[in-house]
Amino acid sequence: MERRSPARRVRRSVLPRASSPRTATLVSLDAESAALRELREALSRKPHEIPCKYLYDDAGSALFEQITRLPEYYPTRTERALLEARASAIVASAGGARLTDMVELGSGAASKTVCLLDAAVASGGRPRYVAVDISAHALQRTKEILAAERPEIPVEHVLADYTRDLKLPARPAGGRRLVLFLGGTIGNEEDPSAIKLLSGVREHMDPEDLLLLGANLATEPAAIHLAYNDAQGVTAAFNRNLLRNVNSVAKSNFEPDRFDHYAPYLVDKRRVEMWLVAREQMTIDLGRLGSSLNLGRGEGIRTEISRRFTRDEVLRLIDASGFTPERWIESPDGRFGLALGVARASLRSI
Ligand code: AVJ
């Protein structure tokens with residue numbers, strides 16, 4: 001997600017090729033059949049859906065990285081500026097030197113995280129960084145970026161779908177864990193699944209550990225609309241690529257070019273909905289999902305929701321998931337917010 005300067009490109013190319021990442025692979029028959037079940041279930045809904053995690057195969061992760069550099073896509077740069085401006089305050093609230101473990105869900109290229117790691121080091125800590133992502137390619141990028149920029153920071157990788165099965169390496173003894181869930185990705189979930197996801201994260205934390213959650217806030221509809229309808233069509237390509245990923249997972253035969261990208265911001269629902277809409281009547285062989293899908297002309301598949309929150313909604317969400325709100329930080333333009341929450345003692349441990 002970092003702007004790639006020519007200098008960086010040179011620097012990276014002279015780095016020794018990173019050895020294979022330490023990756024806890026979750027590819028098991030169980031996980032695979034659960035994924036197929038989930039996909040089948042989503043496609044059989046009305047309206048048809050495909051879970052947005054299918055946007056992030058290696059090609060999709062690279063396209064998303066391109067999106068983050070588009071002039072129209074404001075969330076990444078807004079959040080980055082906020083993190084950079086407030087990194088030391090965030091780290092101080094998260095225990096400063098006692099912060100030993102920084103876990104990032106959906107690390108992507110991890111370009112926003114370096115300033116938090118720096119702040120932890122500046123406060124006298126020696127944090128480890130654990131990157132969790134669904135794309136091996138994104139994890140590799142994380143590793144390369146950190147190896148180039150902060151070679152002294154130990155990095156662990158977890159290749160995982162954290163919406164279903166979060167596995168984390170054992171935490172270092174003592175110290176505090178800070179879990180980062182940035183980018184506004186929580187907005188891809190409706191409240192019940194957002195709470196389920198965050199409560200699942202809470203299970204990997206001890207009381208006093210911290211969660212930093214980034215959320216998109218409601219702002220001018222026209223600006224939001226542009227962010228998902230860029231002039232270069234990168235978001236459209238990102239959306240269509242999801243069908244290629246589904247094809248490779250399910251051995252289905254979606255033809256991406258027969259779909260229109262449609263991504264309106266719905267003011268009343270305060271969310272973007274991303275759709276792929278059939279240009280003509282078609283029958284899709286769903287391969288390993290074991291059936292076919294008929295779409296009429298103009299019929300759509302919803303591939304993502306991306307919510308815009310209010311501050312109170314975000315704070316209620318983390319509270320409902322077992323975290324006491326500790327700090328709220330908002331960008332000057334009010335488009336993006338960060339909530340820092342402290343893990344409460346769970347009922348189990350009382
Ligand atoms: C990475 C999930 C936060 O919802 O804005 C970008 C993904 N979708 N353009 C978002 C996305 C379309 C993005 N998140």
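The values are calculated or read from the model by the stated rules, or taken from the named source; none is laboratory data. None of these values were measured; they are calculated from a predicted model. Cβ placement follows ideal geometry from the backbone for every residue including glycine, while neighbour counts extend to all protein chains displayed.
Points to keep in mind about this one:
- Residue pairs meeting the criteria (Cβ under 9 Å; at least 6 apart or on separate chains; first more than 30 Å from P127 (Cα to Cα), in the stretch 209-226; second of a type in the set (D, E) and within 16 Å of the ligand (Cβ to nearest atom)): A223/E72; L226/E72
- Residues satisfying the stated conditions in the stretch 60-76, i.e. at pLDDT 95 or above and in contact with a Lys or Arg (Cβ under 9 Å, 6 or more places away or on another chain): G60, T68, R69, Y74, P75, T76
- In the stretch 63-74, the residues that are assigned to a helix (DSSP H, G or I) and in contact with a helix residue (DSSP H, G or I) (Cβ under 7 Å, 6 or more places away or on another chain): L63, F64, Q66, I67, T68, Y74
- Only one of S33, S88, S111 that is over 23 Å from H204 (Cβ atoms), assigned to a helix (DSSP H, G or I) and at pLDDT below 95: S33
- Only a single item in (1) part of a helix (DSSP H, G or I); (2) away from the ligand (no atom under 15 Å from the Cβ) is not met by D206, and it is number (1).
- Yes/no for D230 being without any contact (Cβ under 8 Å) to a residue 60 or more places away in the chain and either within 15 Å of the ligand (Cβ to nearest atom) or not in a helix (DSSP H, G or I) (or both): no
- Taken together, the criteria exclude E79 from residues that are part of a helix (DSSP H, G or I), modelled with pLDDT under 95 and crowded, with 19+ Cβ neighbours inside 10 Å.
- Reported count of residues in the stretch 168-216, each being surrounded by fewer than 18 Cβ atoms within 10 Å (Cβ to Cβ) and either of a type in the set (K, R) or on the phi < 0 side of the Ramachandran plot (or both), is 15.
- Residue, surrounded by the fewest Cβ atoms within 10 Å (Cβ to Cβ), within the stretch 36-61, restricted to residues that are part of a helix (DSSP H, G or I), within 13 Å of the ligand (Cβ to nearest atom) and not polar (S, T, N, Q): C52
- Qualifying residues in the stretch 235-246 (those that are of a type in the set (A, V, I, L, M) and buried (at least 18 other Cβ atoms within 10 Å of the Cβ)) - the one farthest from E65 (Cα to Cα): V246
- Residue within the stretch 136-159 that is in contact (Cβ under 8 Å) with a residue 60 or more places away in the chain, within 16 Å of the ligand (Cβ to nearest atom) and not in a helix (DSSP H, G or I) present: no
- Applying the criterion of being hydrophobic (A, V, I, L, M, F, W, C) and within 16 Å of the ligand (Cβ to nearest atom) to the residues of the stretch 302-319, the residue that is surrounded by the fewest Cβ atoms within 10 Å (Cβ to Cβ) is I305.
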